[in-house]
Amino acid sequence: MSKEVVILTEAASLHIKDMMKHNEEERAFLRVTVKGGGCSGLSYGMGFDHEVNEDDLQSEQHGIQLLVDKESASILQGTKIDYKESMMGGGFTIDNPNAIASCGCGSSFRTATEAGKPEEC
């Protein structure tokens, strides 16, 4: 595995820093996870955390301290998180090269080795 499990673009990092400042979380880590659920079986999670767990892989990108647990790491390896603006507003995009199927909402997926626990949308 490469050093960076998840790649944050500069645009995503700038938006995350704004969110951290707005929520007074400047000293927090950004945790990226995979959970069972969603209509395709797995779903992404992102949030602020203040603790590093024993099984966490840690990296720093564009001034953001990033955490990924080892269980999620194999599923997320090579995933790129970006932030894009459009006429309809802005939002994070997640490009996971390991996903073989995803649903229309874009937040649920499955990989060749992980089917997760599909739920109804």
Inset, instruction - Just name the residue that is nearest to the chain's Cα centre (by Cα) out of those in the stretch 79-89 that are open to solvent by 30 Å² or more (accessible area, probe 1.4 Å) and in contact (Cβ under 8 Å) with a residue 60 or more places away in the chain. - result: Lys80
Legend entry - Scope the stretch 46-58; condition charged (D, E, K, R), more than 15 Å from Glu71 (Cβ to Cβ) and loosely packed, with under 11 Cβ neighbours inside 10 Å; matching residues: Glu51
Inset, instruction - Go through (1) surrounded by 18 or more Cβ atoms within 10 Å (Cβ to Cβ); (2) in contact with an Asp or Glu (Cβ under 8 Å, 6 or more places away or on another chain); (3) at pLDDT below 90 one by one and return the number of the condition Leu67 breaks. - result: (3)
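This table checks each residue for (1) at pLDDT 95 or above; (2) part of a loop (DSSP other than H, G, I, E, B); (3) buried (at least 19 other Cβ atoms within 10 Å of the Cβ).
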| site | (1), (2), (3) |
| --- | --- |
| Ser2 | no, yes, no |
| Leu14 | yes, no, no |
| Glu24 | yes, yes, no |
| Leu30 | yes, no, yes |
| Ile75 | no, no, yes |
| Gly91 | no, no, no |
Legend entry - Checking Ser43 against (1) open to solvent by 70 Å² or more (accessible area, probe 1.4 Å); (2) in contact with a strand residue (DSSP E or B) (Cβ under 7 Å, 6 or more places away or on another chain); (3) modelled with pLDDT of 80 or more; (4) hydroxyl-bearing (Ser, Thr, Tyr), the condition it does not meet: (1)
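The values are calculated or read from the model by the stated rules, or taken from the named source; none is laboratory data. If you're wondering where the values come from, they're calculated on a predicted model, not measured in any experiment. Heads up, the Cβs are rebuilt from the backbone with ideal geometry, glycines too, and the neighbour counts pull from every protein chain shown. All accessible areas refer to the heavy atoms of the entire protein, side chains included, with ligands and DNA or RNA removed. Shrake-Rupley method; radii C 1.70, N 1.55, O 1.52, S 1.80 Å.
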